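Structure record follows, encoded as structure tokens.
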Amino acid sequence: METTTMPNWLKQRAYMTPERIALETAEESLTFLELHEEVLGRAGALGGLGIQKGDHIAILMGNSAEMVKIIHAVFYCGATAVLLNTRLTEEEWEYQFLDSKAKLIIASPEYYDRVPVNENKKLSLMDAVRLLQKPAVYEEEYDLNQTAVIMYTSGTTGKPKGVMQTFGNHYWSAVGSALNLGLHTEDKWLAAVPLFHISGLSILFRSVIYGMTVSLHERFDAESINQSIIHNKTSIISVVSTMLDGMLENLKECSYPKTFRCMLLGGGPAPASLLNQCKEKDIPVVQTYGMTETSSQFATLSMEDSLRKLGSAGKPLFPCQIKIVKESGDEAGTNEPGEIMVKGPNVMKGYWNRQEATARALENGWLHTGDIGRMDEDGFLYVLDRRSDLIISGGENIYPAEIESVLMEHPLVKEAGVTGVTDEKWGQVPYAFVVASENLTANELLHFSAKKLAKYKVPKGITFVSELPRNASRKLQRHVLKGMVQ
Ligand code: ATP
Ligand code: MG
């Protein structure tokens, strides 16, 4: 018979290395044994409220030790955690709560009153903690095929879809990551990215699977994160490019100690100027490509290739495969762009309650990522852009991310967003929206980009704005830019 169960991860970890530090926050520090015991109390409370195996429980909380405890407690009950983004609107919370068919929503005090859900389906954290009791029974084993988490995609290209991530997906994601980055006994992974995103949640799973400390930050603050890296033995941190930008600005002339071994950069395109700055400062930046549907990293550049292949998202993790497929359905040749297709044990089971979308996305185990990329002659992946944002101009493909990256090389440009606008002659032409720090004229910037870009890629026009449209994950929404063109 096929074995598809493992011991409950946190319980097993508390048994194997009880004294090791599981979690550090500004207020407290917990060993794995202490964490397990705290989780038992919450699992008992949830059980007392009638939560059973197979139920869906929505969680609406910001990064905190309490959130970590609640997430594990949901697993101890055999239930599925539906993680809600705290930055969404009330309507969006309501939609995801109803769509996921959650039985209960657990919200922290700052959100509780704003949750538009029937009172008897809401549980405030204070109540959860007041109800603490040891459970009579809890899940001793995790079934790898069970959906551990339903997590909605960021909604960059459309309405967010609920991704079903199984325990098996998370297990293989953690193992794949370790086989790439290596495991050091002294590792401490700093999580300032939200736990309701796969970038943050995956750190919690790695923690229990590896026996590794998580240094949990409530929010991103460049100063306190740099202090943590410099003085508190952080060895790995997950960041997106805007965070890294802020950290470099704050770091000024200082440098990171040798104990810091990995700046894992993902979530979106990385501007070349940022990567070069890291190179100059000797910062061990490791680019990675992944999505909610792949339960975190899918491809990652290994340390030894980080300088040689600057700008690449690396090779697939050990258990994973990537192929690039052209519009025609044929596999692309070396350096030829096409859709990135991925297959591996960390790829989601499907979209919750979306049979059609699942059938479109998953084909014989291969996931259509909707992203365009190319593989170089050594098998390194370069992510070019999202398929839906591609600009086709006079038969040439233009990737907005490439133009944005060039615009951001200008010292006065803070942010840039590019979209395609209709043009009588070329079909479509690129148009840029820019946030600049000081007086900068469109002509100056056009002149600057003309030196670095082929003529057909130079934006047809530039509009300066005070901010760019971003979703609740702070990702650029290029389809909104389209409507801003006058
Ligand atoms: P939605 O699917 O709802 O439109 P989303 O795709 O932004 O939202 P996520 O799962 O959070 O939701 O993000 C995954 C996407 O982020 C990838 O499909 C890709 O477009 C982008 N991305 C991730 N890593 C990289 C990278 N290294 N380079 C370029 N893009 C990346
Ligand atoms: Mg997506």
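Looking at Thr213, Thr259 in this structure, which one is in contact (Cβ under 8 Å) with a residue 12 or more places away in the chain, more than 16 Å from ligand 2 (Cβ to nearest atom), surrounded by 23 or more Cβ atoms within 10 Å (Cβ to Cβ) and not aromatic (Phe, Trp, Tyr)?
Going through Thr213, Thr259 in turn, just one is in contact (Cβ under 8 Å) with a residue 12 or more places away in the chain, more than 16 Å from ligand 2 (Cβ to nearest atom), surrounded by 23 or more Cβ atoms within 10 Å (Cβ to Cβ) and not aromatic (Phe, Trp, Tyr): Thr213.
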Would you be able to say whether some residue in the stretch 341-357 is closer than 22 Å to Pro269 by Cα, among the polar types (S, T, N, Q) and touching a Leu at 6+ places or on another chain (Cβ under 8 Å)? yes
Complete set of residues in the stretch 23-36 that are within 21 Å of Leu132 (Cα to Cα) and either open to solvent by less than 20 Å² (accessible area, probe 1.4 Å) or at pLDDT 95 or above (or both): Leu23, Ser29, Leu30, Thr31, Phe32, Leu33, Glu34, Leu35, His36
When you scan the stretch 427-443, how many residues do you find that are at negative phi, in contact with a strand residue (DSSP E or B) (Cβ under 8 Å, 6 or more places away or on another chain) and surrounded by fewer than 17 Cβ atoms within 10 Å (Cβ to Cβ)? 3
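From the list Glu415, Glu404, which residue is modelled with pLDDT under 95 and within 21 Å of Arg474 (Cβ to Cβ)?
On the way: Glu404 fails: modelled with pLDDT under 95.
After applying the criteria, what remains is Glu415.
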Being open to solvent by less than 50 Å² (accessible area, probe 1.4 Å) and within 16 Å of ligand 2 (Cβ to nearest atom), is that true of even one residue in the stretch 401-424? yes
Qualifying residue in the stretch 82-91 (condition: out of contact with any Phe, Trp or Tyr (no Cβ under 9 Å at 6 or more places or on another chain) and open to solvent by less than 10 Å² (accessible area, probe 1.4 Å)): no
Can you name the number of the only condition in (1) open to solvent by less than 40 Å² (accessible area, probe 1.4 Å); (2) in contact with a strand residue (DSSP E or B) (Cβ under 6 Å, 6 or more places away or on another chain); (3) over 22 Å from Leu407 (Cα atoms); (4) of a type outside the set (Val, Ile, Thr) that Pro319 fails? (2)
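Please find, among Ile283, Ile340, the residue that is of a type in the set (A, V, I, L, M, F, W, C), without any contact (Cβ under 8 Å) to a residue 60 or more places away in the chain and within 16 Å of ligand 1 (Cβ to nearest atom).
Numbers: Ile283 fails: within 16 Å of ligand 1 (Cβ to nearest atom).
Result: Ile340 is the single residue among Ile283, Ile340 that is of a type in the set (A, V, I, L, M, F, W, C), without any contact (Cβ under 8 Å) to a residue 60 or more places away in the chain and within 16 Å of ligand 1 (Cβ to nearest atom).
The values are calculated or read from the model by the stated rules, or taken from the named source; none is laboratory data. What you are looking at is a predicted structure, and each value in this text was computed from that prediction instead of being measured. Here the Cβ is made from the backbone with ideal geometry for all residues, glycine too, and neighbour counts use every protein chain on show. Remember, those area values only see protein heavy atoms, side chains included, never the ligands or the DNA or RNA. Shrake-Rupley method; radii C 1.70, N 1.55, O 1.52, S 1.80 Å.
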